[in-house]
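Q: Dumping the structure here so I can ask a few things about it.
What follows draws every value from the coordinates through simple rules; no lab data is involved. Everything quoted here is computed from the prediction, not taken from an experiment. Using ideal geometry, Cβ is built from the backbone for each residue, glycine included, and neighbour counts are taken over all protein chains shown.
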């Protein structure tokens, strides 16, 4: 995932997704959620609407599924 993040912060999204799909998705989520969290903390209230528990659990589950599928594809279909 570190290589994927390194590509992502340098603007090479294609290379990031080639290296590790889960890392690229997590990196994109961080790029979006970090500023939202900082602004919300600075204001002392949520910028828009707080994420509910279901949304957080669904996002974590989806990310875990992406990581496991990517790992499985690389493990079982690699040359």
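Q: Give me 62, 26 ranked fewest to most by other Cβ atoms within 10 Å of their Cβ, as a rough exposure proxy.
A: So the ranking, lowest neighbour count to highest, is 62, 26.
Q: Also, I was wondering about something else. Order the peptides 30-37, 48-55 from the highest to the lowest mean number of other Cβ atoms within 10 Å of their residues.
A: 30-37, 48-55
Q: Order by neighbour count: 45, 74, fewest other Cβ atoms within 10 Å first, most last.
A: Starting with the residue having the fewest Cβ neighbours, the order is 45, 74.
Q: Per the helix-only calculation at 222 nm, which mean residue ellipticity applies to the chain, given -39500 (n - 2.57) for every DSSP H run of n ≥ 4 and division by its residues, nearest 500 deg cm²/dmol?
A: That comes out to -26500 deg cm²/dmol.
Q: Additional query: On a 0 to 90 degree scale, rounded to 10, what angle separates helix 21-43 from the longest Cα axis of the chain?
A: Helix 21-43 sits at roughly 10 degrees to that axis.
Q: Another question about this same structure. Angle check, please: helix 53-77 long axis (alpha carbons) against the longest principal axis of the chain (alpha carbons), in degrees 0 to 90, nearest 10.
A: So the helix axis and the longest Cα principal axis differ by about 10 degrees.
Q: Most exposed first by the Cβ proxy, i.e. fewest other Cβ within 10 Å, how do 42, 5 rank?
A: 42, 5
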